[in-house]
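Comments concern the structure below.
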Amino acid sequence: MQGIQIIGMGKGVPARRVENEAFTKMVDTSDEWIRSRTGIETRYFCEDEMQMDLCVDAARQALANAGVGPEEIGLCVVCTITPDYHTPSSACMVQSALGLPEDIPAFDVNAACSGFLYGLEVVSCMLGSDALPRPYALLIGAEKLSRIMNFEDRSTCVLFGDGAAAAVIRPSDTHRFFCRLGSQGDAQALNAPGIGYPEPYIHMDGRKVFQFAVRAMENGIRLLEKETGTRAEDIDVFICHQANERIIRHVQKKLKLGDEKFFINLNKFGNTSGASVPLAMAELMENGRLKPGTKAYCLGFGGGLTWGAAYLEF
Ligand code: ACO
């Protein structure tokens, strides 16, 4: 089985940080409610930045950290539900902004908060193909969710944030990668209508998504154990979609796994959907927690409803 290696990551974060307190001026909520129900303390919102600006910042940093030039990139994928344009895709805009070669595929993947997992699988399949003339892939998770948030709906507006993170990836015979993905079409649980429809905001049945999330994470961990022959207790770090600390802690306690293994940065960024898993991964890399030999389970769930579970070696 050919694996993949993530050799450099970077982040793109808007300049404006927003505290929980700011929402008390818009809706009937409190810092206490938001912290205790979600774990979120702050998030970042774009002001003048476009989603593409976040992608480009993250990608430049990832390329520099990987020591790879734009001319060596053979594939560019952006995982997002909030592209600046329906067409051209965010990936095409990144391709042009960074001066990536023009004979490479560039496209977006829409799988909401599971997006980066979907992206990893797509990249791992395509990197092995003869169709790619160059050795590295650029995979980005990016969102400008503030654009589709209803700031009069307290049940959603306090949850989300903007941001991006990018990874430079190469094929590897020595770094195992396994991924399984799933979906169950359900617009009642979570939807964001497209251009031209009324109320183009995120609508969510939080409780329904919560139950789906807990199930998807538990099942994902069991599936990874079975399919990779690894055991959850031997995994160094769990990189989960950062929606709600209660979801992560519920699963961690139920499976009797150490809480220090479950990385959390949703307190800083809120739920950044497609950017959440790579933002967590990028911060772990920054903190030196993804050393050579580190084994990770990566778990995503979200709109679709979609889910993804991946085993990665660093
Ligand atoms: N401030 C104060 N009260 C609030 C707020 C708020 N911001 N939001 C909701 N409430 C109230 C509700 O109105 C309700 O009041 P009621 O009992 O009088 O009716 C009460 O708080 C409880 O509401 P619940 O929805 O039951 O609250 P819960 O504890 O389930 O937390 C939350 C809500 C945080 C949304 C949780 O359900 C959750 O995290 N769900 C999962 C979300 C998720 O994972 N999304 C991922 C996908 S996102 C994507 O794909 C783009």
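The values are calculated or read from the model by the stated rules, or taken from the named source; none is laboratory data. What you see is a predicted model, and the numbers here were worked out from it, not measured in a lab. Glycine also receives a Cβ, built like all others from the backbone with ideal geometry; neighbour counts cover every protein chain displayed. Heads up: the accessible areas ignore ligands, DNA and RNA and are worked out on the full protein's heavy atoms, side chains in. Shrake-Rupley method; radii C 1.70, N 1.55, O 1.52, S 1.80 Å.
Brief remarks follow.
- Of the peptides 12-21, 72-81, the order by per-residue mean of other Cβ atoms within 10 Å, starting with the highest, comes out as 72-81, 12-21.
- Zone of Glu227's modelled label, taken as backbone nitrogen in the stretch 140-177 under 16 Å from a point 7 Å along Cα→Cβ: 176-177
- Equivalent ellipsoid semi-axes, the chain, via Cα gyration tensor eigenvalues times 5, rooted, Å: 28, 24, 17
- Shape category assigned to the stretch 233-290 from the gyration tensor of Cα positions, a/c cut at 1.5: oblate
- Helical segments meeting 24 Å axial Cα length and Kyte-Doolittle -0.5 threshold in the chain (DSSP H): 206-228
- Magnitude of the charge dipole, the chain, Cβ model with Lys/Arg +1 and Asp/Glu -1, debye to 20: 1040
- Length available on full extension from Arg60 to His203: 0.36 nm per residue minus the Cα-Cα distance, which gives 48.1 nm.
- Exceeding the 19 Å Cα-Cα cut-off - candidates Lys253/Lys291; Lys11/Lys208; Lys11/Lys268; Lys261/Lys295; Lys11/Lys144: Lys253/Lys291; Lys11/Lys208
- Rounded to 5, percent antiparallel among DSSP beta bridges of the stretch 1-138: 35
- Linear extension gain, Glu47 paired with Asn219, 0.36 nm per residue minus alpha-carbon span: 58.1 nm
- Rounded to 5, the percent of DSSP beta bridges in the stretch 177-313 classed as antiparallel: 75
- Whole-percent carbon and sulfur share, accessible surface of the chain, 1.4 Å: 47
- The listed peptides 203-210, 26-33, 56-63, ordered by packing as a protection proxy, come out as 56-63, 203-210, 26-33 (highest mean of other Cβ atoms within 10 Å first).
- Centroid-to-centroid separation of the stretch 188-242 and the stretch 109-180 [C-alpha atoms, Å]: 14
- Residue-count net charge about Met52 - beta-carbon cut-off 11 Å; Lys, Arg +1, Asp, Glu -1: -3
- Accessible area per residue in Å² at 1.4 Å probe, computed on the chain: 42
- Simple Cβ-charge dipole of the stretch 51-162, Lys/Arg +1 and Asp/Glu -1, about Cα centre, in debye nearest 20: 180
- Computed extension gain for Ile148 through Lys261, at 0.36 nm per residue and net of the alpha carbon distance, reaches 37.4 nm.
- Estimated at the nearest 10 Å², the accessible area of Arg154 is 130 Å² with a 1.4 Å probe.
- Mean projected area in nm² (Cα convex hull; one quarter of hull surface) for the stretch 177-313: 8.7
- Inter-label distance, Thr294 to Asp236: 0.6 nm, where each label sits 7 Å from its Cα along the C-beta direction.
- Only one residue of Gly3, Asn219, Ser155 has its Cα farthest out toward the positive end of the dipole of the chain, where Lys and Arg carry +1 and Asp and Glu -1 on Cβ, and that residue is Asn219.
- Over the chain, DSSP H runs of length four or greater, each weighted -39,500 (n - 2.57), average out per residue to a 222 nm ellipticity of -9500 deg cm²/dmol.
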